[in-house]
1. Can K33 be described as modelled with pLDDT under 95, of a type in the set (D, E, K, R) and in a strand (DSSP E or B)?
2. Does the stretch 36-56 include one or more residues that are at pLDDT below 95, within 30 Å of V93 (Cα to Cα) and in contact with an Asp or Glu (Cβ under 8 Å, 6 or more places away or on another chain)?
3. Determine, yes or no, whether F81 is touching a Ser or Thr at 6+ places or on another chain (Cβ under 6 Å), farther than 17 Å from N5 by Cα and of a type in the set (F, W, Y).
4. May I ask you to verify whether V39 is part of a strand (DSSP E or B), under 27 Å from A120 (Cβ atoms) and β-branched (V, I, T)?
5. Among the numbered conditions (1) assigned to a helix (DSSP H, G or I); (2) modelled with pLDDT under 95; (3) touching a strand residue (DSSP E or B) at 6+ places or on another chain (Cβ under 8 Å), tell me where A97 comes up short.
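The values are calculated or read from the model by the stated rules, or taken from the named source; none is laboratory data. Since the model is a prediction, treat every value here as computed from it, not as a measurement. Ideal geometry is used to build each Cβ from the backbone, glycine not excepted, and the neighbour counts take in all protein chains shown.
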Amino acid sequence: MSQENMEVVGRLVAAVNARDLEGYLACCDEDVKLYLPGVGQLYEGPEGIERWFADIEDAGPDFHLDLRDVKVISDNRVLAFLHATSTGRASGVPVTADSTNIYDLIDGKAKRIRIFLDRAAALKALGLDE
């Protein structure tokens, strides 16, 4: 199951890059919750994921995620290190950011996704050290 969960994470990232909302939702539990703990943002259910996709588009039409590394934490938890690139819509300035995402999966579907911009905070949430 852990290899399958890693593949689900890969499909989620690919769906973001393709702006494929339906493909993303196909990898999610119907009660999915996507958190951005650092900014206190929560997106719940399909409507929340749709809002998150709109927020991504607002961030920049060329927003792209590179999946740098994926680690299985347990049978139902995957840790992923990502690098995001975009260009400011108004400024044209290139923007980059790294994130550490924690995916909790049930029956091969993402149930909870936590996106941390602070790697240490993500590892602490897992009870791990750098």
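1. Numbers: modelled with pLDDT under 95: no; of a type in the set (D, E, K, R): yes; in a strand (DSSP E or B): yes.
Criteria not met by K33.
2. Yes: one or more hits.
3. Values: touching a Ser or Thr at 6+ places or on another chain (Cβ under 6 Å): yes; farther than 17 Å from N5 by Cα: no; of a type in the set (F, W, Y): yes.
Considered against the rule, which asks whether it is touching a Ser or Thr at 6+ places or on another chain (Cβ under 6 Å), farther than 17 Å from N5 by Cα and of a type in the set (F, W, Y), F81 comes out as no.
4. Details: part of a strand (DSSP E or B): no; under 27 Å from A120 (Cβ atoms): yes; β-branched (V, I, T): yes.
Spelling it out, it is not the case that V39 is part of a strand (DSSP E or B), under 27 Å from A120 (Cβ atoms) and β-branched (V, I, T).
5. (1)
Let's see how each residue does on (1) within 22 Å of M6 (Cα to Cα); (2) of a type in the set (D, E, K, R):
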{"position": "A59", "(1), (2)": "no, no"}
{"position": "S74", "(1), (2)": "yes, no"}
{"position": "I106", "(1), (2)": "yes, no"}
{"position": "R112", "(1), (2)": "yes, yes"}
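So that you can scan it fast, the table gives a plain yes or no per residue for (1) part of a loop (DSSP other than H, G, I, E, B); (2) surrounded by fewer than 14 Cβ atoms within 10 Å (Cβ to Cβ):
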position	(1), (2)
V8	no, no
L12	no, no
Y24	no, no
E47	no, yes
W52	no, no
D62	yes, yes
H83	no, yes
A110	no, no
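Residue-by-condition table, conditions (1) free of Cβ contacts under 8 Å to residues at least 40 places away in the same chain; (2) of a type in the set (D, E); (3) touching a helix residue (DSSP H, G or I) at 6+ places or on another chain (Cβ under 8 Å):
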{"site": "A15", "(1), (2), (3)": "yes, no, yes"}
{"site": "C28", "(1), (2), (3)": "no, no, yes"}
{"site": "L36", "(1), (2), (3)": "no, no, no"}
{"site": "L42", "(1), (2), (3)": "yes, no, yes"}
{"site": "E47", "(1), (2), (3)": "yes, yes, no"}
{"site": "W52", "(1), (2), (3)": "yes, no, no"}
{"site": "E57", "(1), (2), (3)": "yes, yes, no"}
{"site": "V72", "(1), (2), (3)": "no, no, yes"}
{"site": "V78", "(1), (2), (3)": "no, no, yes"}
